[in-house]
Amino acid sequence: MLIDQFNRVHDYLRISLTDNCNFRCFYCMPEEEYEFTPASKLMQANEIEAIAKTFVGLGVKKIRLTGGEPLVRKDAAEIIHALSKLPVTLTMTTNGARLHEFIPTLKQAGVTSLNVSLDTLQADKFQLITRRDQFQRVYDNIHLLLENDIRAKVNVVAMKEFNDQEINDFVRWTKDVPVHVRFIEFMPFQGNKWTSNKVLTWQQILQIVEAEFSFLPLKDELNETAKKYIVPGHAGTFAVISTMSAPFCGTCNRMRLTADGKMKNCLFSKEETDLLTALRNGQDIIPLISQSIHAKAKELGGQFSADFEHIEASAIQNRSMITIGG
Ligand code: SAM
Ligand code: SF4
């Protein structure tokens, strides 16, 4: 088992399949022209499988595929198929644009729940965020998941003066549609122009919802990052992921593997452990994984505190979100 200095058991691995993406979300990608990592530097399908197997041997029970956009990778179906053979819950975070091509693959792999990102219910605003005209495609693909009995959690990055007016539109969507909307507090990463006054906090989100709906809290599951709520009578739920105003580091069970094979023990860690080069050199990667977990900081990668209004974003040393894998 992978246990850190604060007695946290790490049994959840998030694997980025690529830093490439068919969208250009401004809060995720650096603004300057960005060169995607060449394929030779990315983990190959067999390398992903080998590293994942090692983690499973160390107690990992859940794997999430992410990116960049995991479904732009040419061998995404092959990777999903290979990882579905492991004794883990397999899931994915996707922008949803290509989901319609992958329903049979996902069903065959036994995937029962997916996270799809959708920050607005307005087509023109969608284009502003992603620089792509794909709102209807993503919206329809969320419904396609539901028709195929795949649970859909919808990730919404909540930002002041951007989509705060739409919080209750999303909650209204949960009335008849069994979607699980998750509002994520806007987080700082390299090049994403984060400022604390753009963060719409958990408490502010609840105040907005309260003005229109009565709602009840739902029971939190172990290691859960989302604080969940239901409007009685609604088919779906809503939740807040309060990384900035109320981090959940105390129960963190998560580890990350970037598409170029570097292990990150925290989303905000500046240190990385190069598992891919070690694997390619025939080295045993287990001691490297254990050392990385042992070195994990108590909270927020040791880089800032929950007093987010005073964060100096430019002082945080980290990759951009698209190259970490959210
Ligand atoms: N391309 C996929 C997608 O968009 O779902 C997977 C990768 S994306 C980096 C993973 C998640 O991170 C998405 O839900 C996205 O909205 C979220 N994300 C990206 N940048 C963020 C930021 N600065 N603050 C909060 N969430 C962010
Ligand atoms: Fe691509 Fe997802 Fe980042 Fe948007 S949030 S640019 S879809 S990786």
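Name the residues in the stretch 205-225 that are over 23 Å from residue 254 (Cβ atoms) and either assigned to a loop (DSSP other than H, G, I, E, B) or in contact (Cβ under 8 Å) with a residue 24 or more places away in the chain (or both), would you?
Scanning the stretch 205-225 gives 206, 208, 209, 211, 212, 213, 214, 215.
Is it true that residue 314 is polar (S, T, N, Q) and either more than 16 Å from ligand 1 (Cβ to nearest atom) or within 26 Å of residue 58 (Cα to Cα) (or both)?
Details: polar (S, T, N, Q): yes; either more than 16 Å from ligand 1 (Cβ to nearest atom) or within 26 Å of residue 58 (Cα to Cα) (or both): no.
Here the answer is no, as residue 314 does not meet what is asked.
Pull up the stretch 55-72, narrow it to residues that are part of a loop (DSSP other than H, G, I, E, B) and buried (at least 21 other Cβ atoms within 10 Å of the Cβ), then point me to the one that is farthest from ligand 1 (Cβ to nearest atom).
60
Take the stretch 40-50 and flag every residue that is closer than 19 Å to residue 12 by Cβ and surrounded by 22 or more Cβ atoms within 10 Å (Cβ to Cβ).
Residues satisfying the conditions are 43, 48.
Between 250, 233, which is among the small types (Gly, Ala, Ser) and more than 30 Å from residue 51 (Cβ to Cβ)?
On the way: 250 fails: more than 30 Å from residue 51 (Cβ to Cβ).
After ruling out the rest, the residue left standing is 233.
Based on this model, can you work out whether residue 126 counts as part of a helix (DSSP H, G or I), within 13 Å of ligand 1 (Cβ to nearest atom) and among the aromatic types (Phe, Trp, Tyr)? Walk me through it before giving the result.
Working: part of a helix (DSSP H, G or I): yes; within 13 Å of ligand 1 (Cβ to nearest atom): yes; among the aromatic types (Phe, Trp, Tyr): yes.
Yes.
Is one or more of the residues making up the stretch 89-99 within 16 Å of ligand 1 (Cβ to nearest atom), assigned to a helix (DSSP H, G or I) and in contact (Cβ under 8 Å) with a residue 24 or more places away in the chain? If you could, list the steps in order and put the result at the bottom.
To start, the set of residues in the stretch 89-99 that are within 16 Å of ligand 1 (Cβ to nearest atom) comprises 90-99.
Within this subset, residues satisfying the condition of being assigned to a helix (DSSP H, G or I) are 99.
Next, from what is left, pick out any that are in contact (Cβ under 8 Å) with a residue 24 or more places away in the chain: 99.
Yes - at least one qualifying residue is present in the stretch 89-99.
Being of a type in the set (Val, Ile, Thr) and surrounded by 15 or more Cβ atoms within 10 Å (Cβ to Cβ) is the requirement here; does residue 112 meet it? Spell out the reasoning first.
On the way: of a type in the set (Val, Ile, Thr): yes; surrounded by 15 or more Cβ atoms within 10 Å (Cβ to Cβ): no.
Judged against the criteria, residue 112 is not a match.
Residues checked against (1) part of a helix (DSSP H, G or I); (2) at pLDDT 90 or above:
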| residue | (1), (2) |
| --- | --- |
| 235 | no, yes |
| 288 | yes, yes |
| 291 | yes, yes |
| 306 | no, no |
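Somewhere in the stretch 32-39, is a residue more than 16 Å from ligand 2 (Cβ to nearest atom) and more than 15 Å from the chain's Cα centre (by Cα)? It would help to see each step written out before you state the result.
Residues of the stretch 32-39 more than 16 Å from ligand 2 (Cβ to nearest atom): 38-39.
Going one step further and asking which of them are more than 15 Å from the chain's Cα centre (by Cα), we end up with 38-39.
Scanning the stretch 32-39, I find at least one residue that is more than 16 Å from ligand 2 (Cβ to nearest atom) and more than 15 Å from the chain's Cα centre (by Cα), so the answer is yes.
Is at least one residue of the stretch 184-194 closer than 30 Å to residue 29 by Cα, assigned to a helix (DSSP H, G or I) and free of Cβ contacts under 8 Å to residues at least 60 places away in the same chain? Walk me through how you get there before you give the answer.
At the first step, the residues of the stretch 184-194 found to be closer than 30 Å to residue 29 by Cα are 184-194.
Then keep just the ones that are assigned to a helix (DSSP H, G or I); that gives none.
Checking the stretch 184-194: not a single residue is closer than 30 Å to residue 29 by Cα, assigned to a helix (DSSP H, G or I) and free of Cβ contacts under 8 Å to residues at least 60 places away in the same chain.
Taking residue 119 and the conditions (1) within 30 Å of residue 211 (Cα to Cα); (2) assigned to a loop (DSSP other than H, G, I, E, B); (3) away from ligand 2 (no atom under 16 Å from the Cβ), which numbered condition does it fall short on, given that it satisfies the others?
Unmet condition: (3).
The values are calculated or read from the model by the stated rules, or taken from the named source; none is laboratory data. Remember, predicted model here, so these are calculated numbers, not experimental data. As a convention, Cβ positions derive from the backbone with ideal geometry for all residues, glycine included, and neighbour counts pool all protein chains shown.
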